[in-house]
Amino acid sequence: MDLGIEGWRAAVAAGSAGLGFASAQALAEAGVRVALCGRDAGRVEEAAARLPGAAVPLVADVGSAEGATGFVAAAREALGGIDILVPNAGGPPPGNFASTPTEAYPDALALNLLSVVAMCKEAVPAMQAQGFGRVVAITSIAVRQPIPFLILSNTARAGATGFLKTLAREVAPDGVTVNSVLPGVHDTGRVRALYGGDAERAAAMAREVPVGRLGDPADFGRVVAFLCSESAGFITGAAIPVDGGADTHLL
């Protein structure tokens, strides 16, 4: 399927591994020029080398507003502009209400909320000026169904979703769409690390997903790429679960 975005320019945050890399790969396969970032120079350079086309590796830590802004600015300079922005970052430490101190919240908000705000502040005005653009943020299914023992992530990502929905309505008249994709459990390095190579635990995790398996990161990336396409130009303000049917809500 021709997504109609060949030659567009994309900045994909935290794109050296996992769902960020899968999104960068799907966009590159659609003919998009991609700049991706990671904290480790070797890893992000290796990831960029695996993508079709001349992907640009950038070393950046998007765990703060300053780092997030710096990544987008560097991507714009490298690509000559940004048509697609994929805000993304790792998750904060686990914990529940009782075990998580108040002092832990600012870092979590910086990582999963303020970084999204900062990236959009740096990228979206130029999209408005040119009359088109796509923002597709990677958040979590937790914004629809909070995950136990992830109170920091649940809180910060819910805030990011509220910001993105508000932004979508403000910039829609300017030809810019803003959506988020809510991953469930996918077969990524982080998830494999959680079950430590325990095949029985991995199988049990897969059985909890209605489709009976963990998500394929490549499929997730293609959802992100579709939301950037010409055909998705009437979709904005949406928070779309990609979770194998795990979310039980009607709406």
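Things worth noting here:
- Pairing each residue of the stretch 94-116 that is at positive phi with any residue that is assigned to a helix (DSSP H, G or I), provided the two are 6+ apart or on different chains, yields C-beta distances under 8 Å for G95/A104; G95/I151; G95/L152.
- Selection over the stretch 161-180 of residues that are assigned to a helix (DSSP H, G or I), without any contact (Cβ under 8 Å) to a residue 60 or more places away in the chain and either buried (at least 20 other Cβ atoms within 10 Å of the Cβ) or more than 15 Å from the chain's Cα centre (by Cα) (or both) gives a count of 7.
- For beta carbons closer than 8 Å, sequence separation of 6+ or different chains, a first residue in the stretch 225-251 that is modelled with pLDDT under 90 and a second that is of a type in the set (K, R), the qualifying pairs are D247/R144; H249/R144.
- Test: residue in the stretch 34-49 that is part of a loop (DSSP other than H, G, I, E, B), at negative phi and buried (at least 21 other Cβ atoms within 10 Å of the Cβ): no
- Candidates E6, E77 - the one that is of a type in the set (D, E, K, R) and in a helix (DSSP H, G or I): E77
- Looking only at residues of the stretch 205-248 that are assigned to a loop (DSSP other than H, G, I, E, B) and out of contact with any strand residue (DSSP E or B) (no Cβ under 9 Å at 6 or more places or on another chain), we find that the one that is surrounded by the fewest Cβ atoms within 10 Å (Cβ to Cβ) is T248.
- Against the list (1) surrounded by 22 or more Cβ atoms within 10 Å (Cβ to Cβ); (2) in contact with a strand residue (DSSP E or B) (Cβ under 8 Å, 6 or more places away or on another chain), the condition A22 fails is (2).
- Of the criteria (1) touching a Leu at 6+ places or on another chain (Cβ under 8 Å); (2) crowded, with 21+ Cβ neighbours inside 10 Å; (3) more than 22 Å from A22 (Cβ to Cβ), which one I151 fails: (1)
- Unique residue being over 16 Å from the mean Cα position of the chain (by Cα) and either on the phi < 0 side of the Ramachandran plot or surrounded by 22 or more Cβ atoms within 10 Å (Cβ to Cβ) (or both) when the list is M119, M127: M127
The values are calculated or read from the model by the stated rules, or taken from the named source; none is laboratory data. Nothing here was measured: the structure is a model prediction, and the numbers come from that model. Note that we place each Cβ from the backbone using ideal geometry, even for glycine, and neighbour counts take in every protein chain shown.
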